[in-house]
Amino acid sequence: MEKYEMPQAMLSVNVEAVSIETKGSHSGVFKIKNTGGDILKGRILSRCAGLVFEPAEWVGNSAEISYTFSAAVAGLGIGETIESKFYITSNGGEVEIPFSAKLTKVSITTADGYTIANIVDFYEYSLTHPTQARRIFTDSEFFVLLMSLGYKYMEVYESLHKDANRERAMDNFFILSGLKGRTTISIDKANDKNDKNPQIIEFTQKPNSTDMLHGHFQVRKSDKGYAEAPLHTNAPWLTLSSGKLTAADFDEEFISTVNFSIDPTKIGGGFARERIIIGVEEDGNIIEIVYRRLPPFSLRLNRDTYRYADRGTIEVVNNTGGNMHINVFCPENYIKFYTQSISVGARGELGFEVKLSAFMSAQMLFRKLPFMKTTIEVKATRGTQTYKKTLPITVGEW
């Protein structure tokens, strides 16, 4: 009987060469078959850095081999080409496959046709398409673009793109990349019509009023960048419309309006002052809210001092909103009032003259007193309420 011999395995590969162009990494497949007998088995050897195969070894009469090439691992620069080979060895023969790879310039083409080829392009795109840019920022394509550009802060980028607050992450990315400065906020001074200090807002209220008071101030952001600033205040009588400003609170002119209200019933006494700190105190962004409750009435002499033969007036301002009866008295008889009682609505005046008697004039000359001081006592009555004030007055020879 003639001896039977098993046909030998024979290696067949469906590619003769692999040539690729990539923007950073590339994957592909080829197939291996046994066109002979026996069972085909073998392995793949790569002579090219960055080129790997899966599986690198196989047993079977057919296999699909996946390959991946990384330009970064191969050290390939943009526009450069690498020429190499890989070998497939088996019990059915050996095949040498030429391999070439060219690294082309990486770019991202957006849905609206904008091409992003570098970080500057991405920054400019983010200014006009912020929502779309936030999506690109976390996409794998953007990661590949940064790798191809040799971005030196890749570890920081990987940390930033995990931040759930995309606006903040992108703003920090652009600052890190040197494309913008840190976004700042400041108290807006555009409405400073009277050249007053815009950081002080004052309120006055009638003595018996308990009505809520309302006001606002504006905060300006330096640019389109991300900003987040807490608003600090501790006064129970002061309520803010917001406890924190974020980028969404600013309009197209980078202005945000903060409203506040004052509850006078929570203020003891006639004066209160509170600071609102915007962001951190070191930035100097502080608004002072000053509240004053007007006294029932106020008095003012028309002059600081009077001669021994002079005339003057006492101005009375009534802050209560109703009529008030005013009575005046001076214990010294050289102050003589034209009338000692008047009714005052909003404002009134009481006239007087300084007139020394002959005896007092001689006494002054004998004592050589250059001036004298006394007081004018004022009593104001409104309904069942009575208020009293004392007004000092100085007379002499000047």
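Translational diffusion coefficient of the chain at 20 °C, 1.002 mPa s, Stokes-Einstein with Kirkwood Rh over Cα pairs, in µm²/s as a whole number. Numbers along the way, then the final one.
Numbers: Rh = 30.7 Å.
The Stokes-Einstein estimate is 70 µm²/s.
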(request) Work out the FRET efficiency for ASN323 and ILE255 from their Cβ-Cβ distance, taking R0 = 41 Å, and round it to the nearest 0.05. (result) 0.35
(request) Extending each Cα 7 Å along its Cβ direction at ILE20 and SER357, get the distance between those two points in nm, one decimal. (result) 12.0
(request) Using a 10 Å cut-off on Cβ atoms, rank the peptides 169-176, 111-118, 41-48 from the highest mean neighbour count down. (result) 169-176, 41-48, 111-118
(request) Sequence neighbours fewer than 8 away in the same chain don't count; with that in mind, list the aspartates and glutamates whose C-alpha is under 20 Å from LYS41. (result) GLU5, GLU16, GLU54, GLU57, GLU64, GLU94, GLU96
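Any idea of the accessible area per residue across the stretch 1-150, 1.4 Å probe, to the nearest Å²? Walk me through the numbers on the way to the answer.
Working: 8690 Å² over 150 residues.
I get 58 Å² per residue for the stretch 1-150.
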(request) Eight or more residues apart or on different chains, and alpha-carbon atoms under 21 Å: count the Lys pairs in the stretch 151-282 matching that. (result) 11
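Okay, helix-only estimate at 222 nm for the chain: each DSSP H run of n ≥ 4 adds -39500 (n - 2.57), divide by all residues, round to 500 deg cm²/dmol; what do you get?
Values: 7 runs with 60 residues, N = 398.
Mean residue ellipticity, 222 nm, calculated: -4000 deg cm²/dmol.
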(message) Among ALA63, ALA346, ALA362, which one shows the highest mean-square fluctuation when the chain is modelled as a Gaussian network with alpha-carbon springs under 10 Å?
(response) ALA362
(request) Note down the net charge around THR104, summing +1 for each Lys or Arg and -1 for each Asp or Glu among other residues with Cβ under 9 Å from its Cβ. (result) +2
(request) Sticking with the crude label model, points 7 Å out along Cα→Cβ, report the distance from GLU96 to LEU240 in nm, one decimal please. (result) 7.5
(request) Over the chain, with every protein chain in place, what whole percent of the accessible area is carbon and sulfur at 1.4 Å, could you tell me? (result) 49
(message) I need the calculated FRET efficiency for the pair GLU124 and GLU155, taking r as the beta carbon distance and R₀ as 35 Å, to the nearest 0.05.
(response) 0.90
(message) Suppose each label sits 7 Å from its Cα in the direction of the beta carbon; what would the HIS232-SER140 distance come out to in nanometres?
(response) 4.6
(request) Could you tell me what percent of the DSSP beta bridges with both partners in the chain are antiparallel, to the nearest 5? (result) 90
(message) Net charge around ALA380, counting only other residues with Cβ within less than 12 Å of its Cβ (Lys, Arg = +1; Asp, Glu = -1)?
(response) +3
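The values are calculated or read from the model by the stated rules, or taken from the named source; none is laboratory data. The model shown is predicted, which means the values in this text are computed figures rather than measured ones. Reconstructed Cβ throughout: ideal geometry from the backbone, glycine too, with neighbour counts over all protein chains shown. With ligands, DNA and RNA removed, areas are computed over all heavy atoms of the protein, side chains included. Shrake-Rupley method; radii C 1.70, N 1.55, O 1.52, S 1.80 Å.
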